[in-house]
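Visitor: Have a look at this one before I ask anything.
Read the figures in this text as sums done on the coordinates, not as results from a lab. Predicted model only: the values in this text are computed from it and were never measured. As a convention, Cβ positions derive from the backbone with ideal geometry for all residues, glycine included, and neighbour counts pool all protein chains shown.
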Amino acid sequence: MLPCHDLLAIRYATANLRPDHIFVRPDPHDVAGPIDYFIWLIRSEDRSILVDTGFGARAAAERGRTLLRSPVDALASLGAAAGEIDTVVLTHLHYDHAGNLALFPNATFVVQASEMAGATGPDMQTAIGRAAFDVEDVTEMVRRLFADRVRFVYGDSELIPGVTLHLLGGHTRGLQGVRVHTRRGWVMLASDALHFYANLWRANPFPVLVDLPGVIAAGRKALALVETKEHLIPGHDPAVMSIFPPHPSVVDVFDLAADPIGMAPDANLPLQA
């Protein structure tokens, strides 16, 4: 029998985006709206696994984001000290998912090999190709590699019993989702395969990508790996905060392993072609 893991979404930053920063082809009726930034904590009786590491004050200032609290401080409030975390899964290497790496000195970082190749190869020769990457974060990943602190994944694989990794791509070369077996079944952290539920429902991706058809396919692959739409977790949608119950004592933490208290936006609509 597969073990059941706890799964928490931790909101650490926010911003406001214009419609053309949310959809490749915004509708004339779309309006500006919030985007939230999350990291995720997988817990079992004997260990904690972190999914993504967020960004810090420098990146927030440079990119006009509101940092609500340090991701490391948020983890500490949950009893998960950064120095005690031994495994960090990086869904991809964009600045908002792979900052703060040096604050996890004892962690091994799990990343798709194609993601590391993309972040250190010809894709980075143009300003638009490297815009969502931070050179200091990528450099720190190279340092982690030379310190034998990087584990490469090649496609879909099992991390531990009850936690599987799935190559999704589209948004970046090696974007990966993390599927977690919880007390309500398998939950898929789709990360930026869909920033918002609407990116998938409307077949209208977030306009930061390397492969337009690929990012639509990535969202659909993620959805196919779970039982219902409420088992699919987007990377940045504020709706997560109204769908899942809050932590009883720590602000801006939400229990993704619990039964939903709301419904994913437009979950009753069919996917658009």
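Visitor: Suppose every Lys and Arg Cβ carries +1 and every Asp and Glu Cβ carries -1, with no other charges. What dipole size does the chain come out with about its Cα centre, to the nearest 20 debye?
Guide: So the magnitude is around 240 debye.
Visitor: Also, quick follow-up: For the pair residue 113/residue 14, report the inter-label distance in nm, with labels modelled 7 Å from Cα in the Cβ direction.
Guide: Placing both labels 7 Å along Cα→Cβ, they lie 4.2 nm apart.
Visitor: Based on the Cβ-Cβ distance of residue 102 and residue 263, what FRET efficiency does E = 1/(1 + (r/R0)^6) give at R0 = 25 Å, to the nearest 0.05?
Guide: My answer for the efficiency is 0.05.
Visitor: Could you give the distance between the Cα centres of segment 13-65 and segment 181-231, to the whole Å?
Guide: Cα centroid to Cα centroid, the span is 15 Å.
Visitor: Express the relative contact order of the chain as a whole percentage, based on alpha carbon pairs under 8 Å and six or more residues apart in sequence.
Guide: It comes to 19 percent, rounded to a whole number.
Visitor: Here is a follow-up. What FRET efficiency, computed as 1/(1 + (r/R0)^6) with R0 = 41 Å and r the Cβ-Cβ distance, is obtained for residue 249 and residue 127, rounded to the nearest 0.05?
Guide: It comes out at approximately 0.40.
Visitor: Now for a different question. Highest mean first, what order results for 110-119, 69-78 on Cβ atoms within 10 Å? Walk me through the intermediate numbers first.
Guide: Details: 110-119: 21.7, 69-78: 18.3.
Listed from highest to lowest mean packing, they are 110-119, 69-78.
Visitor: Filter the chain for me: DSSP H helices, axial length by Cα at least 18 angstrom, mean Kyte-Doolittle hydropathy not below -0.5. List them by residue number.
Guide: Result, helices passing both filters: 212-224.
Visitor: How many nm is it between the label spots at residue 29 and residue 66, if each spot is 7 Å from the Cα in line with the beta carbon?
Guide: So the two model labels end up 2.7 nm from each other.
Visitor: Continuing with the same structure: Tally the DSSP beta bridges in segment 2-136 and give the antiparallel ones as a percent, rounded to 5.
Guide: Rounded to the nearest five, the antiparallel share is 75 percent.
Visitor: Working only with C-alpha atoms, what are the Rg and Dmax values of segment 6-255, expressed in angstrom?
Guide: Over segment 6-255's Cα set, Rg and Dmax evaluate to 16.6, 50 Å.
Visitor: Also, I was wondering about something else. State, in angstrom, two size descriptors of segment 39-168 derived from its alpha carbons: Rg to one decimal place and Dmax to the nearest whole number.
Guide: 14.5, 45
Visitor: On to the next question. Tell me the mean residue ellipticity at 222 nm calculated for the chain from its helices only (DSSP H runs of n ≥ 4, each -39500 (n - 2.57), averaged over every residue, nearest 500).
Guide: That comes out to -5500 deg cm²/dmol.
Visitor: Rounded to the nearest 5, what is the percent of antiparallel bridges among the DSSP beta bridges in the chain?
Guide: Numbers: 34 of 47 bridges.
If I count the DSSP bridges inside the chain, around 70 percent turn out antiparallel.
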